[in-house]
Amino acid sequence: MYASLPIRLLFAALFSLLSVSVARAESPRPLIFDTDMAIDDWSALLLLAMHEDVELLAVTSNGAGETRCGPAMKNIAALLDLAEAGEVQIACGDDYPLDGYFAFPEPWRQQADTLSGIPLPASERRASEAHAVETIHSALHGAASKVVLVATGSLTNIAQWIDQYPGDVARVERLVIMGGAFDVPGNIIVPGFTDGHPNTDAEWNIFVDAEAAARVFASGLPIEVVGLDVTNKVRVTAEFAGDFKAAAKTPAAHFWDAVLDDNDWFIESGEYYFWDVLAALVAVEPGFCRGSLQPVGVSVETGSPWQASSLRAMPATTASGAGRRHLDAGASGITRVGGDNPPVKICRETQPAQAFELFTRTLNRG
């Protein structure tokens with residue numbers, strides 16, 4: 001089983017048997033993946049589509065995160081083909097956040113739209129014409145058991161789904177969110193893109209639709225938060241990239257190897273982490289999240305935007321018909337422990353070597 005793996009991955013695999021429970025589920029767990037289809041979302045999607053313990057019901061996106069709806073639907077379909085996935089519902093939501101004018105930098109969005117320039121064959125899969133909220137709702141009601149939700153982009157779709165179908169909450173086993181920062185600095189300030197940004201505490205997924213995040217954390221859903229506190233422990237290094245290249249043998253693995261090659265500058269910067277992949281791994285194996293239950297609130301403050309993280313072309317009216325507010329770029333989107341919201345599990349520790357090993361093994365159908 002491990003004969004073709006480099007020695008570092010071999011030792012990680014053996015150690016993982018002792019430290020992470022990897023018992024096979026009696027039947028695959030039904031799962032819905034809500035993603036903004038950025039670089040780390042592609043690998044998370046491949047992992048969820050290829051893991052033998054996952055029944056991937058639907059993949060939803062929106063235009064409020066790093067990607068836009070049109071490219072997201074094509075790219076999701078192409079990656080599902082690459083993973084040799086079965087029938088999976090695909091749908092997109094709104095083009096803009098629930099409120100505010102925050103947006104990811106345009107160069108990041110172009111990379112997300114184009115899969116970092118790595119070409120893939122066009123897929124014959126077709127996205128649903130229904131809104132992502134309707135797809136989440138129908139997938140939940142079509143599942144034979146409670147469903148795991150994984151959200152690795154803005155929480156726009158999740159907040160709208162809760163608002164429209166509050167009775168669906170009982171059908172959710174867990175909601176795993178990649179987002180937030182608690183005892184570590186945020187990641188809004190990125191050299192060369194957002195130098196001088198006034199917000200030093202927020203994380204991008206929460207920041208870009210702070211209103212949606214505030215509603216989700218107040219919802220009472222069984223939430224597990226994979227924030228920067230724990231993703232900072234799974235940095236993607238040149239050593240890992242080399243090990244992955246040596247192990248790659250499936251079309252999905254070769255695609256991801258090409259992405260790593262194209263983003264060697266990102267790896268060398270020391271700022272590339274397994275953000276969304278770790279959230280996907282926590283969804284598959286809860287033992288990758290060790291933490292505590294605490295209430296979490298999200299700041300939503302009106303005030304002055306900051307141009308490099310704002311998109312002034314957004315409509316002045318929100319999807320709900322209200323006037324779109326200017327949110328304070330320095331004070332909004334910050335996750336804080338405390339308050340009256342129901343407690344959620346904040347992941348503080350994980351097992352990095354085992355995470356990288358399981359990811360590598362899954363993409364190579366180990």
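The values are calculated or read from the model by the stated rules, or taken from the named source; none is laboratory data. The model shown is predicted, which means the values in this text are computed figures rather than measured ones. We place every Cβ from the backbone using ideal geometry, glycine too, and count neighbours over all the protein chains shown. The accessibility values were calculated without ligands, DNA or RNA, using every heavy atom of the protein model including side chains. Shrake-Rupley method; radii C 1.70, N 1.55, O 1.52, S 1.80 Å.
Out of (1) modelled with pLDDT of 95 or more; (2) under 25 Å from PRO28 (Cβ atoms), what's the single condition that is false for PHE182?
(2)
Please state which of the following conditions ALA253 fails to meet, knowing it meets all the rest: (1) out of contact with any Phe, Trp or Tyr (no Cβ under 9 Å at 6 or more places or on another chain); (2) in a helix (DSSP H, G or I); (3) crowded, with 17+ Cβ neighbours inside 10 Å; (4) aliphatic (A, V, I, L, M).
Among (1) out of contact with any Phe, Trp or Tyr (no Cβ under 9 Å at 6 or more places or on another chain); (2) in a helix (DSSP H, G or I); (3) crowded, with 17+ Cβ neighbours inside 10 Å; (4) aliphatic (A, V, I, L, M), ALA253 violates only (1).
If you take the residues in segment 93-123 that are among the hydrophobic types (A, V, I, L, M, F, W, C) and open to solvent by 20 Å² or more (accessible area, probe 1.4 Å), which one is modelled with the lowest pLDDT? Write out each step before concluding.
Narrowing segment 93-123 to residues among the hydrophobic types (A, V, I, L, M, F, W, C): 98, 102-104, 108, 112, 115, 118, 120, 122.
Within this subset, residues satisfying the condition of being open to solvent by 20 Å² or more (accessible area, probe 1.4 Å) are 98, 108, 118, 120, 122.
Details: LEU98: 97, TRP108: 87, ILE118: 92, LEU120: 94, ALA122: 92.
Step by step, filter segment 93-123, then rank; the result is TRP108.
Could you tell me whether segment 322-338 includes any residue that is touching a residue at least 24 places away in the same chain (Cβ under 8 Å), touching a Leu at 6+ places or on another chain (Cβ under 6 Å), at negative phi and outside any strand (DSSP E or B)?
Here is the first cut: in segment 322-338, the residues touching a residue at least 24 places away in the same chain (Cβ under 8 Å) are 322, 324-338.
Filter once more, so that each one left must be touching a Leu at 6+ places or on another chain (Cβ under 6 Å): none.
No: zero hits.
With the condition kept exactly as written, say whether any residue in segment 281-302 is over 22 Å from the mean Cα position of the chain (by Cα) and more than 30 Å from LEU120 (Cβ to Cβ). Steps first, please.
Filtering segment 281-302 down to residues over 22 Å from the mean Cα position of the chain (by Cα) leaves 301-302.
Keeping just the survivors that are more than 30 Å from LEU120 (Cβ to Cβ) gives 301-302.
Scanning segment 281-302, I find at least one residue that is over 22 Å from the mean Cα position of the chain (by Cα) and more than 30 Å from LEU120 (Cβ to Cβ), so the answer is yes.
Looking for whichever is among the small types (Gly, Ala, Ser) and free of Cβ contacts under 8 Å to residues at least 12 places away in the same chain here; the options are ALA248, ALA313. Which one fits? I'd like the intermediate steps shown before the answer.
On the way: ALA248 fails: free of Cβ contacts under 8 Å to residues at least 12 places away in the same chain.
The conditions single out ALA313.
Where residues in segment 22-37 are assigned to a loop (DSSP other than H, G, I, E, B) and surrounded by 10 or more Cβ atoms within 10 Å (Cβ to Cβ), which of them is modelled with the lowest pLDDT? It would help to see each step written out before you state the result.
First, pick out the residues of segment 22-37 that are assigned to a loop (DSSP other than H, G, I, E, B): 22-28, 35-37.
Checking which are surrounded by 10 or more Cβ atoms within 10 Å (Cβ to Cβ) leaves us with 22, 25, 27-28, 35-37.
On the way: VAL22: 46, ALA25: 53, SER27: 79, PRO28: 90, THR35: 97, ASP36: 94, MET37: 94.
Only one residue fits best here, namely VAL22.
May I ask you to list the residues in segment 224-242 that are open to solvent by less than 10 Å² (accessible area, probe 1.4 Å) and outside any loop (DSSP other than H, G, I, E, B)?
Keep residues of segment 224-242 that are open to solvent by less than 10 Å² (accessible area, probe 1.4 Å), which gives 225-228, 230-231, 234, 236.
If the condition is that a residue be open to solvent by less than 10 Å² (accessible area, probe 1.4 Å) and outside any loop (DSSP other than H, G, I, E, B), then VAL225, VAL226, LEU228, VAL230, THR231 are the ones that fit.
If we keep just the residues of segment 303-338 that are over 22 Å from the mean Cα position of the chain (by Cα) and hydroxyl-bearing (Ser, Thr, Tyr), which is surrounded by the most Cβ atoms within 10 Å (Cβ to Cβ)?
Filtering first and then ranking leaves THR318.
Considering (1) of a type in the set (Gly, Ala, Ser); (2) open to solvent by less than 50 Å² (accessible area, probe 1.4 Å); (3) touching a residue at least 40 places away in the same chain (Cβ under 8 Å), say which one ALA130 fails and leave the rest.
Evaluating ALA130 over (1) of a type in the set (Gly, Ala, Ser); (2) open to solvent by less than 50 Å² (accessible area, probe 1.4 Å); (3) touching a residue at least 40 places away in the same chain (Cβ under 8 Å) leaves (3) as the failure.
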